[in-house]
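For reference, the structure discussed in these notes is given below.
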Amino acid sequence: MAITSDEDLRSLELPSETPMGQPLDWAWLRGARSEWGMKPVPGPRGLTMMDIATGSYGEIEEEPQFRSMAPRGSDIDENTPDMGYILNHKSQVWADNVIELYEEAVARQWSSTRDIPWGDLRELPSDIEHAMCQLCTVLTEIEMIATDLPAKWMWRMNHHFLEAKMFLSTQIMDEARHSDVFRKRALANGGGLLVSRAGSESLLRTILEAKTYTQASALLHLLGEGFILDIFRQGELIAPTPVEKKIFRLSMQDEARHVAYGTMHIRQAIAGDPDVEAEIHEALDHGEKVFAEFGTQPDLSSALAVLLAGGVEHIEERGFPMQSTMATKIFTSYLARCERAGLNRIDRTSLPLDLLGIDRDQFTREGVRPTKERGEDGLRR
Amino acid sequence: MAYVAELRYYQELAALMNAHPEDYEVLGEVDLNLGLVMTGQAADLRVKLQFEGLGCTEVSALEEGGEHSCDCWLEGDLEAWGEMFDDILVNGMATGRKTVNSLTLLGDRIDIRANDPLGKDLFFRFNQTVQQFLDGAAELEQSVV
């Protein structure tokens, strides 16, 4: 007899134990609290996490009842074990764009092995090759912080916020790929890994040792990845071959997703608990100082300036001025993102805004207008 | 370059993208509402490009100020846009400082604008798709000329 309806199921005579005498539980077959019969409709892209976030399956509670790995929307045992999660409030991990960002990340994965035209590398002037290798040394070192940091916190996040954990998993994959691709580039053209300085490690330790996840997210997503996003954006200006251009372009897209998560997470964190704002400011007060030291450390800044200049001989006339222009843009973007996240850093930051050419009075959410005059080439002097 | 300043040009670029979704598959799906603003001619051209999935589902003209309804918009004088498309036609794709990323990074000729920093970040998230869309101009070369 074909079983075609729930009524058929209810009328079935089912054994209560196995032939070995073990009791059987048929709740999954009849009687489980569920939204059986709900049928999400795939969109043109396929069946996305947005498509299935319907009914109770899509209801993200502010403070879930359970602290287990039980899937949200399932019929959960009252005595399900506590997994020891400490991030049990939505605002501690969530961002309103996180489901879309997860789908975007999955759709836009790439391979450092397959998608980079490694065969197009060519012999470069020694100063350029050294500068690119030094930049790649720094990048392959610091990118892994964005895998370690989410990994440190993810097992402490309530599984009810599954999509946030899934998104952070994509970030971990992205950053592993970045560490991989910059390591490959450092080695692929006859150069190699060059110097690792204490300044980088101090920055990484500051991020890793943040007291709360939201402080860590502010340091990592808003400050750190925002800075790196803008370095990647410079790719076309600093890349000597199509290989680096492609690396920077693809990495830029990944990094922008992480920044978008962080911006909205911080906003949600502050909205959920206004006291958090002071904690984030405190973290950024310290983080910006460490970051300024990192960004101006002589090895990284000189390597970038050489790449921007196209060689050591033009570093003073072209490299440093262009670097100065880029610094204005980097910190303008950072301050604007902070505003969007609900943090007014412009009035609090100890960053040297005058030196960066940023005028507090001219600040808008979109950005700030540089105060220093520009030359005909558009560069600040 | 008058053709570049016509809505039809972007409709043809969209048709090209929509005819070859496989070319965009490796870059992944997009959800972006991008404005293009070209100034410096008798009547500025304002275009809305709606990217969805692996295609461009809408190309329409915008009223003055209509770009503010977009996630973000690229704004520059027609001459700068013309130079960008010239570079694409010569090289088959935008190169060096003529990519939309580089142009907007310097921001002195063509700039990226948005009412919201997150809107601007969308441009970075989907940058390579936008660039590939514009690089399609190389394939329209025959009809442009």
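Results, tabulated for the structure shown:
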{"read-out": "Trypsin sites (Lys or Arg not before Pro) within the range A:49-138: DSSP coil, no more than 12 neighbouring Cβ in 10 Å", "value": "A:Arg114, A:Arg122"}
{"read-out": "Computed [θ] at 222 nm, deg cm²/dmol, chain B (DSSP H ≥ 4; -39,500 (n - 2.57); rounded to nearest 500)", "value": "-11500 deg cm²/dmol"}
{"read-out": "Cα gyration tensor shape for the range A:164-218, rounded if a/c is under 1.5, else prolate or oblate", "value": "oblate"}
{"read-out": "Under 18 Å from the Cα of A:Lys90 - aspartates and glutamates, other chains or at least 8 residues apart", "value": "A:Glu59, A:Glu61, A:Glu62, A:Glu63, A:Asp82, A:Glu100, A:Glu163, A:Asp273, A:Asp275, A:Glu277, A:Glu279"}
{"read-out": "Extreme residue, positive dipole direction of the range B:2-139, given options B:Leu34, B:Gly82, B:His20 (C-beta unit charges)", "value": "B:Gly82"}
{"read-out": "Cα-based reach from A:Lys39 at 26 Å (exclusive), listing lysines while leaving out same-chain residues under 8 positions away", "value": "A:Lys165"}
{"read-out": "Cubic angstrom per residue, convex hull over Cα atoms of the range A:1-101", "value": "169 Å³"}
{"read-out": "Within the protein assembly as shown, percent of DSSP bridges classed antiparallel, to nearest 5", "value": "75 percent"}
{"read-out": "Between helix A:242-272 and chain A: long-axis angle, C-alpha atoms, 0 to 90°, nearest 10", "value": "60 degrees"}
{"read-out": "Centre separation in Å (Cα based) which lies between the range A:266-286 and the range A:307-330", "value": "35 Å"}
{"read-out": "Peptide A:333-345 - average C-beta neighbours from other chains (10 Å radius)", "value": "2"}
{"read-out": "Hull volume in cubic angstrom per residue (convex hull over the Cα atoms of the range B:2-139)", "value": "96 Å³"}
{"read-out": "Helical contribution to [θ] at 222 nm, DSSP H n ≥ 4, -39,500 (n - 2.57), averaged over chain A, rounded to 500", "value": "-16000 deg cm²/dmol"}
{"read-out": "Between the range B:20-72 and the range A:71-144, the alpha-carbon center distance in angstrom", "value": "28 Å"}
{"read-out": "Zero-based 20 Å bins, Cα pair distances in chain A, whole percents", "value": "25, 49, 20, 6, 0"}
{"read-out": "Under 17 Å from the Cα of A:Lys184 - lysines, other chains or at least 8 residues apart", "value": "A:Lys245, A:Lys246"}
{"read-out": "Between the range B:73-145 and the range A:194-257, the alpha-carbon center distance in angstrom", "value": "24 Å"}
{"read-out": "Most mobile of B:Asn91, B:Asn18, B:Asn127 in a GNM of chain B (Cα contacts under 10 Å)", "value": "B:Asn91"}
{"read-out": "The range A:255-336: radius of gyration over Cα atoms, expressed as a fraction of 2.2 N^0.38 Å", "value": "1.42"}
{"read-out": "Globularity index of the range B:60-110, i.e. its alpha-carbon radius of gyration over 2.2 N^0.38 Å", "value": "1.24"}
{"read-out": "DSSP-assigned coil residues among chymotrypsin sites (Phe, Trp or Tyr not before Pro) in the range B:86-131, each with at most 10 further Cβ atoms within 10 Å", "value": "none"}
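Only the coordinates and a few stated rules stand behind these numbers; no lab work does. Model, not experiment: these values are computed from the prediction. Please note: Cβ atoms are built from the backbone with ideal geometry, for glycine as well, and neighbour counts cover all protein chains shown.
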